[in-house]
Each structure stands twice: as C-alpha cells, then as structure tokens.
Amino acid sequence: MASSAALRLNNLRRHLDLDLDHTANKAAGVNSVGASLNVKVAQEVSEALSLGRAVVALESTIISHGMPYPQNLETAKAVEAIVRENGAVPATIAILDGVPRIGLSGEELERLAILGTKAQKTARRDIAYVVARGGNGATTVSGTMFLASMVGIHIFVTGGMGGVHRQGEYTMDISSDLTHLGRTPIAVICAGVKSILDIPRTLEYLETQGVCVAAYKTNEFPAFFTASSGCMVPCRVDTPEECASLIEANTKLKLGSGILIGVPIPQEHSTSGHIIESAIKKALEEAKENNISGNAITPFLLDRVNALTGGVSLASNIALVKNNAQLGAKVAVALALLRENNQRKQETE
C-alpha cells in the first residue's frame, strides 16, 4: 500500500508539472496564459516523500530578512544540519526565478542569503505575483505552509508565528499566518508568537480559526524570547511521539486546520527576556513615531530590538530556531514511524 505522502505526490503530478530532478535545467516560471506551473522539488526531498520518510519544511524569510549575510547563511546551514542529525530531511522553501522550490541546494541557499531583502517577502497572497513575474521570493510562515502542504509535508519548523499586533484592536493588523494555519493541515513547531505581538489576542484569534494550540513540556504558551507568557494552553505534549499522535489524529479526522506547537526557548537563553522586552517597548514607540506599519513593521522591530540589546536578541533568535529544528526533526521521525506501523497493521488485518 502506498504511503499517504506518495499518494499526495502522485495526485499532485496530475495537476502540476513538477520538476523533481535537482540536476535538471532550471524550471521556467509562468510566462503566458495556460502555461504549466513548475514546482521544483529537490531530489532528496522527493525521494523521502515518496518513501514516507521524515521531512521538515523550513521557511526562507528568516534567511533573507531575519539577519545579515553571512550570518544568515551560516544559520540556515546549521539548522538544516540539525534536522539531518536528528533523522529527517530538511526542505527549505523559497521562490527563485519565478519557480517555487521545495528544498534548496547549497548554492541556492547562498544565493538567497546574498539577495537578502532584495528577495520579496512572500506570504501566501504574494506567491502568484512573484511566480508570474519570474521573481525571487523568500517565503513567510503562511507562504511556506501553503507550498509545504501542497507536496505533502506535514511538519514545518520556524522561529515564531506572526500574530495580532499590539493595538490590533484599532489597526486590524493581523498576520495572515493565523488565517492560513486555520485552513492548512500542517503542524507548525515554533517558540510561540513573536513577543513584539499581542499574545492573548493572538491565541483568541487562533481559537476562532479552529487551530489546535499545544505547548511542549509546559502548560503555558511560550513568548518567543521568554519561556512563559502568562497564557495557558488547552493542550500539552511531552514527547515527540505525543506530538506525532496529535498530528496524525488531526490528519485522520480531516479537520483541514493546522496545529501550533509552542516550544519554550532554552533556559540559558531566556534569562535575557526582560532586557529584550524593554527594548521591544522602545522599538514599538519608534515604529509609531515613524509611521511604520504593515509587513514592514516586523523586520523593523526585530532589527531595532537587536540593535538596542547589543545583539542579544539575535543570538537568542538563532538559539530558539535551532532548538525548534531539533524537536521538529524528532517529531517528523516519530510521525513517519507511526504511519509506517499503522500501515503494517492495516496490511495484516
């Protein structure tokens, strides 16, 4: 019996013209009406999906907009290495030359890192535009979720989710990450939502979207730079296996919505949380004074907080991403094993 990932990939082939060979020429973008959309899946990722092995999706905005070169490239390579060390295949997702890429080569990672902010920050709403114009896009959480789910990847690791911005009750500035997690069957493993946001309102919005919110080895939702937010979660998971069981149940029930698993930042890096929180408040005031809003506000705030803390916030950011990648890979391995065991039971019945 073919695995669910293989079936998903076969179904996708009937609708999209996939370039699954990483050695082939670069696929063409959408340049004319009626042309096929080429999605380039790295060979390593394609093989893992077809065999039902563990795959972890990674976003690319953190590379292009999250930190300067060459630190961004070093971090991207380190995170991919952590995923591999823990038994899974990393699939960093981006759009290059108008082609969605599921899994980047070392050369493509470096190209994206050098492009930096010249690559368009690409949420789900922007994918069609970037593809149509043959552009380069670094996918955000919502963009990565969509492309990962399209090819049957069920685990996605990132630093933190977007959310409801502070003063969001007046500005209505709410990240599309929340809406799309409500309609994309994928598990996002992160350090909670960025602490520059309104965490209680973000959790309320996720509840409205039908998203299952869980925390790892704690009853409290993590606040990105600090382990606690003061907000309790409805679900707690204590092992990669419990995470996998939750994800599999969500899939079998066909709820159609995603899961958010909050992972507290490692203790040794959470001690600077109060210093960072003070810097966040100052950065928010500066953003207001300079009329910075929309998708420009998060990069501005993260850059200012990093400057105000003398680089402490960036070091903490890198540490939590690596921690999330380690857990994400273990969960992906546990999920692959769970599905393999379930398949064997079905075959013997």
- Message: Checking the cross-link filter: which aspartates and glutamates have an alpha carbon closer than 20 Å to that of residue 281, excluding same-chain neighbours under 8 positions apart?
- Response: 169, 173, 198, 289, 303
- Using a cut-off of 14 Å between beta-carbons, work out the net charge of the residues near residue 234 (Lys and Arg +1, Asp and Glu -1, residue 234 not included). -2
- In terms of the alpha carbon gyration tensor, root eigenvalues a ≥ b ≥ c, rounded if a/c is under 1.5 and otherwise prolate when a/b exceeds b/c or oblate, region 242-322 is oblate
- Task: May I ask for the net charge around residue 75, where only other residues with Cβ less than 13 Å from the Cβ of residue 75 are counted and Lys, Arg are +1 while Asp, Glu are -1?
- Result: -2
- Using the Cβ atoms and a cut-off under 14 Å, what net charge is assigned to the surroundings of residue 326, where Lys and Arg are +1 and Asp and Glu are -1? +2
- Have a look at 83, 199, 136 and report the one farthest towards the positive end of the charge dipole of the chain, computed about the Cα centre with Cβ charges (Lys/Arg +1, Asp/Glu -1). 136
- Quick one: which of 145-152, 54-61 comes out on top by average Cβ neighbours within 10 Å, and what's the full order, highest first? 54-61, 145-152
- Message: As a test question: what accessible area, to the nearest 10 Å², does residue 133 have when a 1.4 Å probe is rolled over all protein chains in place?
- Response: 140
- Message: Which lysines, if any, have their Cα less than 23 Å from the Cα of residue 252, not counting same-chain residues under 8 positions apart?
- Response: 330, 345
- Considering only DSSP beta bridges where both residues belong to the chain, give the percentage that are antiparallel (nearest 5). 30
- Using label points projected 7 Å from each Cα along Cα→Cβ, tell me how many nm separate residue 183 and residue 281, to one decimal. 3.9
- Shape call for region 116-240 from the C-alpha gyration tensor, a ≥ b ≥ c root eigenvalues: rounded (a/c under 1.5), prolate (a/b greater than b/c) or oblate? prolate
- Counting alpha carbon pairs within less than 8 Å and at least 6 residues apart, what relative contact order, in whole percent, applies to region 154-294? 26
- Query: How many percent of DSSP beta bridges within region 204-349 run antiparallel, rounded to 5?
  - Reply: 20
- Query: Put +1 on the Cβ of every Lys and Arg and -1 on every Asp and Glu Cβ in region 227-349; which of 279, 233, 257 then has its Cα farthest towards the positive end of the dipole?
  - Reply: 257
- Taking R0 as 35 Å, what's the FRET efficiency between residue 342 and residue 228 from their Cβ-Cβ distance, rounded to 0.05? 0.45
- Treating only Lys and Arg (+1) and Asp and Glu (-1) as charged, each at its beta carbon, one finds that region 116-252 has a dipole about its Cα centre, in Debye to the nearest 20, of 540
- Could you name the lysines whose alpha carbon sits less than 27 Å from that of residue 282, not counting residues in the same chain fewer than 8 places away? 121, 194
- What does the charge dipole of the chain about its Cα centre add up to, to the nearest 20 debye, if the Cβ of each Lys and Arg holds +1 and the Cβ of each Asp and Glu holds -1? 480
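The values are calculated or read from the model by the stated rules, or taken from the named source; none is laboratory data. Being a predicted model, the structure only gives us computed values, none of them experimental. Cβ: placed from backbone, ideal geometry, glycine included. Neighbour counts: every protein chain shown. The protein model used for the area step is the full one, side chains on, heavy atoms only, and it has no ligands, DNA or RNA in it. Shrake-Rupley method; radii C 1.70, N 1.55, O 1.52, S 1.80 Å.
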